[in-house]
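A.B. asks: This is the structure, below, for whatever I ask next.
Just so it is clear, none of the values below were taken in a lab; they were calculated from the coordinates. Quick caveat: nothing in here was measured; it's all calculated off a predicted structure. Ideal geometry is used to build each Cβ from the backbone, glycine not excepted, and the neighbour counts take in all protein chains shown.
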Amino acid sequence: MSVHRGREHWRSRFGFLMAAIGSAVGLGNMWRFSYLTAEHGGAAFVLLYVLMLFFIAVPILLAEMVIGRGAARGPVQALGFFGGRAWKSLGAVFVAAGFVIASYYSVIAGWTLRYTLEAIFIGFADDPVGHFTRISSGGEALAWHLIFMAGSLWIVANGVTGGIERTAVIVMPLLFLVVCGLAVYAATLPGAGPGYAYYLNAEDYFAIFSPAVLADAAGQAFFSLSLGMGAMLTYASYLERTTNLPLQSGMIAVADFAIAFIAGLVVFPLLFALGLAQDVSESTLGALFITLPKAFLELGLVGRAIGALFFAALVVGALTSLISLLEVVVASTIDIVDWDRRRATIVTGIAAAALGVPAAIHLPVLDAMDQVATHILLIGGGLALAVFTGWRMEDPESEVALGAGHYFWLPLWRRILRYAVPVVLGLLMLQSVPRTIANVIALFD
Ligand code: PHE
């Protein structure tokens, strides 16, 4: 087949795996997963999340990889390649989602970079609430957003193997070691027992049957695996056709879940050791940048070191996620207008940085972008992708079989995409879209 058109390929399978896990592991794992778990019934939520992850999200991850590798193009051209003209517009929605998420994600990433450097050079601020209020929006937030964006763009401009892969193979193993090390440290704290109990309490099994909790679990699974906007599709477009796609998607999902779960084992003992647990449920982002720094501050010099490592892990997670978001936009631009990578990166990067300006200046804008992206764009994108692969594509099973052989469950995979995913995600959207719109309106009241 001539579809590969001499496209760049990952240097190694390990390189691809680290880049894909790098995309998946990010701000979603290091904080949002534990937060949602503690909010929604502990162990019961973990169970629900795992079910969502493996029965709904992983089939879509596999679908993205099949489309990307099969077409060897970015999302717009790949969907056009398999589905004809009309489906290109879904690819365009993916690129738009990439733009939106990249722009506000970079603002938050900028805060993490600032916290890391502050922890190293001056220590955590005495007044965490005031500090966060000062740095989270306005001119300084804007400056850190631009710094983080520039660094990420530089990596993307250096190419898939020379930039993205080279970064991921170094930083991802380090991130894993740091997170595991932090969990071991946290286990020695006096708050470890009650912290674990709060994180994984199983008191409220029925809480998981509420539609809002189901929607949160699905939204988190999609966000965490970077699904529904073509990131995994784009990364898979640089794979050789000898790769075992089901195996890769399974490994990505397991690693992503493991890091999220272990991050919870770090966060909760810390909060309980210092009696800060009641602060957790106050706000999602604020807690990460206010409550945890409070804990690090109280733990003195050790806390400062631990805090620096924690925020450095967040920087790494955010960086490798942001470059995958930018790569969606850049790869599509290269496909469509035939620019060279450097030019495509600079032009689209400036646009993404500019789109982040309102989010950097006014926190409710950031919140609104996040809500719309996670609850509407990603879930809607995943739904459309399942319909595409389930109903429109001819014989996606044989693309899976290339490099993997004929798994007995392949027909089942197709049926999940045809029926189960559209039904589950469709129902979730029916209830989460109005709620999201109401939330967004409330933010600006
Ligand atoms: N998966 C990333 C996280 O957990 C976020 C992300 C979403 C990255 C979509 C790329 C695409 O933080």
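A.B. asks: Enumerate the calculated ³J(HN,Hα) couplings along the stretch 126-142 in order (Karplus 6.51 cos²θ - 1.76 cosθ + 1.60, θ = phi - 60°), each rounded to whole Hz, writing x wherever the residue is Gly or Pro.
C.D. replies: 5, 10, x, 5, x, 4, 5, 4, 5, 8, 7, 8, x, x, 5, 4, 4
A.B. asks: Output ³J(HN,Hα) for the stretch 49-58: one whole-Hz value per residue in order, computed from phi by the Karplus curve 6.51 cos²θ - 1.76 cosθ + 1.60 with θ = phi - 60°, and x for Gly and Pro.
C.D. replies: Ordered by residue, 3J(HN,Hα) equals 4, 5, 4, 4, 4, 8, 9, 10, 6, 5 Hz.
A.B. asks: Something else about it: Taking amide H atoms as placed 1.01 Å from N in the peptide plane, list the residues 5 or more away in sequence, or in a different chain, whose amide H sits under 5 Å from that of L189.
C.D. replies: none
A.B. asks: To the nearest 20 debye, what charge dipole does the stretch 6-85 have about its Cα centre, counting +1 at the Cβ of each Lys and Arg and -1 at the Cβ of each Asp and Glu?
C.D. replies: The calculated dipole for the stretch 6-85 is roughly 380 debye.
A.B. asks: A further question follows. Would you mind ranking H40, H131, H406, H375 so that the residue whose beta carbon has the fewest other beta carbons within 10 Å leads the list? Show your work: numbers first, answer last.
C.D. replies: Working: H40 21, H131 17, H406 11, H375 25.
By the 10 Å Cβ count, ascending: H406, H131, H40, H375.
A.B. asks: Continuing with the same structure: So how do E327, E399 line up by other beta-carbon neighbours within 10 Å, fewest first?
C.D. replies: So the residues, fewest neighbours to most, are E399, E327.
A.B. asks: Taking the number of other C-beta atoms within 10 Å as the exposure measure, put F82, F444 in order starting with the fewest.
C.D. replies: Exposure proxy ranking, most exposed first: F444, F82.
A.B. asks: Just to be sure I understand: with springs between alpha-carbon atoms less than 10 Å apart, which residue in D340, D367, D216 has the highest mean-square fluctuation in the Gaussian network model of the chain?
C.D. replies: Looking only at D340, D367, D216, the largest GNM fluctuation is found for D340.
A.B. asks: Provide the per-residue ³J(HN,Hα) series for the stretch 165-173, in order, calculated from phi with Karplus coefficients 6.51, -1.76, 1.60 and θ = phi - 60°, each as a whole number of Hz, with x at glycine and proline positions.
C.D. replies: 5, 4, 5, 5, 5, 8, 7, 5, x
A.B. asks: Also, quick follow-up: From the helices alone, meaning DSSP H stretches of at least four residues, give me the mean residue ellipticity at 222 nm for the chain, per-run term -39500 (n - 2.57), in deg cm²/dmol to the nearest 500.
C.D. replies: Using -39500 (n - 2.57) per qualifying helix, the result is -23000 deg cm²/dmol.
A.B. asks: Here's another thing I want to ask about it. Quick one: helix 85-121 against the long Cα principal axis of the chain, what's the angle to the nearest 10°, folded into 0 to 90?
C.D. replies: The angle comes out at about 30 degrees.
A.B. asks: Same structure, new question: So if each residue of separation counts as 0.36 nm, and I subtract the Cα-Cα distance between A92 and H406, what length gain in nm does that give?
C.D. replies: The A92-H406 span can extend by a further 109.8 nm.
A.B. asks: Additional query: Along the charge dipole of the chain, pointing to its positive end and built from +1/-1 on Cβ of Lys, Arg, Asp and Glu, which listed residue (V337, A305, A258) has its Cα farthest out?
C.D. replies: It is V337, whose Cα lies furthest towards the positive end.
A.B. asks: Kirkwood hydrodynamic radius, computed over distinct alpha-carbon pairs, for the chain: how many Å, to one decimal?
C.D. replies: Value: 21.8 Å, from the Cα pair sum.
A.B. asks: Shifting gears a bit: When the chain is fully extended, how far beyond the present Cα-Cα distance does F206 get from D338, taking 0.36 nm per residue of separation?
C.D. replies: Value of the extension gain: 42.2 nm.
A.B. asks: Calculated FRET efficiency, M251 and D395, Cβ-Cβ r, R0 25 Å, to nearest 0.05?
C.D. replies: Numbers: r = 25 Å, r/R0 = 1.00.
Efficiency computed from Cβ-Cβ geometry: 0.50.
A.B. asks: Pick from I56, I122, I259: which is most flexible by mean-square fluctuation in a GNM of the chain where alpha carbon atoms under 10 Å apart are linked?
C.D. replies: I122
A.B. asks: With labels modelled as points extended 7 Å from the Cα through the Cβ direction, what inter-label distance (nm, one decimal) is found for T161 paired with H362?
C.D. replies: The two pseudo-label positions are separated by 4.7 nm.
A.B. asks: For the chain, modelled as a GNM with alpha-carbon contacts under 10 angstrom, which of I60, I120, I323 fluctuates the most?
C.D. replies: It is I120.
A.B. asks: With unit charges on the beta carbons (Lys and Arg positive, Asp and Glu negative) and the dipole taken about the Cα centre of the chain, which residue among I122, F55, G70 sits farthest to the positive side?
C.D. replies: Positive-end residue among those listed: G70.
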